[in-house]
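Derivation of every value follows stated rules applied to the coordinates shown; laboratory data play no part. Remember, it's a predicted structure, so these values are computed and weren't measured experimentally. Because the Cβ atoms are built from the backbone with ideal geometry, glycine has one as well, and the counts that use them run over all protein chains shown.
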Amino acid sequence: MSIDRAVLLFAGLMVLLSLLLTAYVHPAFMWFTAFIGANLIQSSFTGFCPAAILFRKLGLGRGPAF
C-alpha cells in the first residue's frame with residue numbers, strides 16, 4: 001500500500017469515527033469532522049500532511065502525492 005492510499009483510508013476512517021461520535025456521544029464532536037476537513041484542504045495546497053509523515057516512518061511506499 002502506498003502512502004497516498006493509506007492517507008485516504010485514514011482520513012475516511014477518521015471522518016466516519018467523528019460522525020459516529022457526533023451521533024452517539026456529543027454533538028460537539030462535529031468540530032473533529034471540521035478539523036479533518038480543514039486538514040485535508042490545507043494538505044491539498046501545501047503538500048504537508050502529518051499522517052503521511054507517520055506512514056512514511058512506518059515504511060509504506062511513496063505515492064505520487066506524498
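List of remarks:
- Members of the stretch 35-60 that are within 18 Å of M1 (Cα to Cα) and either in contact with a helix residue (DSSP H, G or I) (Cβ under 7 Å, 6 or more places away or on another chain) or in a loop (DSSP other than H, G, I, E, B) (or both): C49, A51, A52, F55, R56, L58, G59, L60
- All positions within the stretch 36-62 that are farther than 20 Å from V15 by Cα and either surrounded by 17 or more Cβ atoms within 10 Å (Cβ to Cβ) or in contact (Cβ under 8 Å) with a residue 60 or more places away in the chain (or both): L60, G61, R62
- Residue within the stretch 18-34 that is of a type in the set (A, V, I, L, M), closer than 23 Å to S2 by Cα and assigned to a helix (DSSP H, G or I) present: no
- Here M1 clears all of (1) free of Cβ contacts under 8 Å to residues at least 24 places away in the same chain; (2) loosely packed, with under 11 Cβ neighbours inside 10 Å; (3) not acidic (D, E) except the condition numbered (1).
- Counting the residues of the stretch 4-27 that are among the small types (G, A, S), surrounded by fewer than 16 Cβ atoms within 10 Å (Cβ to Cβ) and within 8 Å of the chain's Cα centre (by Cα) gives 1.
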